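Structure, as structure tokens:
Only the coordinates and a few stated rules stand behind these numbers; no lab work does. Remember, predicted model here, so these are calculated numbers, not experimental data. Cβ: placed from backbone, ideal geometry, glycine included. Neighbour counts: every protein chain shown.
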Amino acid sequence: MFQRIMVAYDGSDCANRALAAGVDLMDRYDADLAVVMVAGLPDYAGTIGEVDEIQNEARAFFDQKIRKVEELAGDRMERVSTHLLFGHTGDKLVRFAKERDFDLVIVGARGFSRLQRIFLGSVSQFVVKYAHCPVLVIKDSCEPGK
Amino acid sequence: MVLDNTWLIAALWVGLALAASLISVRLGISVALVEIMMGVLGGNFLGLEEVAWATFLAGFGAIFLTFLAGAEVDPYVLKRKFKESVGIGAASFLMPFLAASAYAFYIAGWTQDAALICGIALSTTSVAVVYAVMVETGLNQTELGKIILAACFITDLGTVLALGVFFANFDIWMAVFITVSVAVFTITPRLTPWFVERYGGRIAQIEVKLFVFLLLVLGGLALKANSEAVLPAYILGLSVAGYMMAHKELLHRLRTIAFAFFTPFYFLKAGLHVSLPAMAGGIILISILMAVKVAAKFVGVWPLAKLFRFSNRDSMYTTLLMSTGLTFGTISALFGLSQNLITQEQYTILVTVVIGSAIVPTLIAQAFFRPIIGRPGDSQELTEDEERKRA
């Protein structure tokens with residue numbers, strides 16, 4: 001049913017649960033898995049340095065988090081690809097999923113308060129609304145497999 | 001008055017800078033833009049006032065920012081795409097400069113000096129806004145992206161040259177300033193590798209002190225000639241850009257020092273002098289000047305983009321991105337205000353137009369003219385991790 005699965009990953013507990021769900025589904029469907037991290041760049045940057053430094057920090061963070069992916073995937077790592085993108089998280093995830101023609105997107109939902117949603121927006125809601133394919137949302141309190 | 005001692009006044013300045021950083025991180029908006037907003041808030045509602053030491057820190061913040069802007073130029077791209085970059089960059093500076101100056105002088109009735117400041121402030125292109133959009137879209141890896149970025153640097157050069165030349169005195173101090181500057185620009189690229197090798201990497205940050213010293217000397221001499229300190233700062237940055245490209249760690253340290261302690265004062269000060277009543281009263285002029293800026297950028301950049309065989313979509317995208325402005329625009333307006341060339345009302349109008357031009361053209365470009373990137377197989381389509389694996 002699912003041949004190309006994409007997991008949105010930011011290293012949080014919630015994203016780890018989404019990743020675990022992704023690895024589980026990868027096994028069940030003998031699918032390929034893409035783990036995608038998005039680093040936000042500042043809107044209307046004042047200096048190139050501001051943008052450059054965020055990229056550098058994101059790369060360091062990404063390299064560190066890849067280990068968690070390798071740990072979970074184990075010897076199935078050859079079926080897993082990892083990607084670092086820059087920009088607005090929801091927008092980049094939706095675009096990337098469509099460009100690469102994934103047939104399932106898995107995202108974690110952190111359970112923002114109403115106020116946080118107003119100011120920060122909910123990535124999972126955005127992805128559910130705009131993705132071209134089915135989206136599996138792993139809620140904050142969920143444990144995959146239970 | 002509650003804020004009657006230096007520490008409390010400093011606490012208000014630094015507190016606003018801290019709040020700006022936190023808001024910036026939470027909302028994903030540039031810290032520079034939020035700092036300007038906090039300056040507006042502080043100046044209009046919190047009794048934030050300019051004091052001598054803050055003026056110094058803010059002034060050096062502008063010099064440091066300009067130096068870093070020069071040091072961040074990719075000299076190889078500039079050389080390789082010289083014709084296109086210079087053509088688009090020069091037109092992108094000249095057309096809005098002429099149009100905005102003419103409008104301010106002939107129609108809005110500003111003085112000649114104020115009209116020149118208006119032209120300079122609105123001629124700018126925000127390299128940082130453009131760069132962030134490029135990274136996000138992956139265009140920074142493409143030829144088009146590299147040309148646009150290089151053209152932005154040329155536009156910036158036009159801005160700092162105009163600021164440095166139009167209001168200067170051509171006397172003995174100008175001769176001294178030019179002579180010393182040329183010597184420093186020639187020697188520094190050769191001196192820097194040796195100096196960093198010999199004295200760099202220590203806790204005392206000796207190489208950072210060297211650059212700060214050179215910036216202060218050149219800034220001081222520029223002031224003596226009634227020129228502007230950002231001109232030598234930008235060219236000094238350009239002169240060491242090649243070295244900085246290869247030594248990112250030094251650039252990182254310079255940025256850390258600048259962003260932690262100098263640039264917040266500059267951006268807060270830029271906002272501090274914005275008067276909300278003047279903004280409300282000048283809303284029509286603000287809209288007209290914004291339209292003049294964008295229209296002039298179209299006249300200057302769009303035909304050249306077509307001439308260099310950009311597609312319609314790429315031409316529109318390039319033109320809109322070249323219409324953005326932020327840091328150099330506010331530096332120009334603040335220079336005008338501090339030299340009493342413009343009034344606070346005029347300053348408010350210019351800064352509002354500059355900030356508006358950072359936001360509006362970017363939104364339109366991203367929403368309607370985002371270039372269509374090729375399908376898998378093109379390197380621009382690869383994510384960073386794929387690029388690393390391919391490498």
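Things to note:
- Amide proton proximity set for A:Val38, modelled H, under 5 Å, gap of 5+: A:Tyr9, A:Leu85
- Bins of 20 Å from zero: percent of alpha-carbon pairs in the protein assembly as shown: 21, 51, 25, 3, 0
- Computed label-point distance, nm, for sites B:Ala295 and B:Lys79 using a 7 Å Cα→Cβ extension: 4.2 nm
- Candidates B:Gly336, B:Gly164, B:Gly220: whichever shows maximal mean-square fluctuation once chain B is modelled as a Gaussian network with Cα springs under 10 Å: B:Gly220
- Counts of other chain beta carbons within 10 angstrom of each beta carbon in peptide B:25-35 average 5.
- Count Lys and Arg as plus one, Asp and Glu as minus one, and take only other residues whose Cβ is under 12 Å from that of B:Gly42; the net charge is then -2.
- Electrostatic tally near B:Trp302: other residues with Cβ closer than 15 Å to its Cβ, Lys and Arg +1, Asp and Glu -1, net +3.
- Of all segments of chain B bounded by trypsin sites (Lys or Arg not before Pro) found in a DSSP loop with no more than 16 other C-beta atoms within 10 Å, the longest spans B:1-201.
- Label point 7 Å beyond Cα of A:Asp103 along Cβ direction - residues of segment A:1-37 with amide nitrogen under 17 Å: A:1-7, A:22-34
- Axial C-alpha extent at least 18 Å, average Kyte-Doolittle at least 1.6 - helices from chain B (DSSP): B:6-27, B:31-45, B:52-71, B:143-166, B:206-224, B:283-307
- Cα-based Lys proximity count in chain A, under 25 Å, for pairs eight or more positions apart or on separate chains: 12
- Computed E for B:Ile107/B:Leu18 - FRET, C-beta separation, R0 45 angstrom, nearest 0.05: 0.60
- Spin-label pair B:Glu50-B:Ile359: with each label point 7 Å from Cα along the Cα-Cβ axis, the two points sit 2.4 nm from one another.
- If R0 equals 41 Å, the separation of the Cβ atoms of A:Asp63 and B:Ile187 corresponds to a calculated FRET efficiency of about 0.55.
- Using R0 = 35 Å, the C-beta based FRET efficiency linking B:Asn340 and B:Asn5 works out to 0.75.
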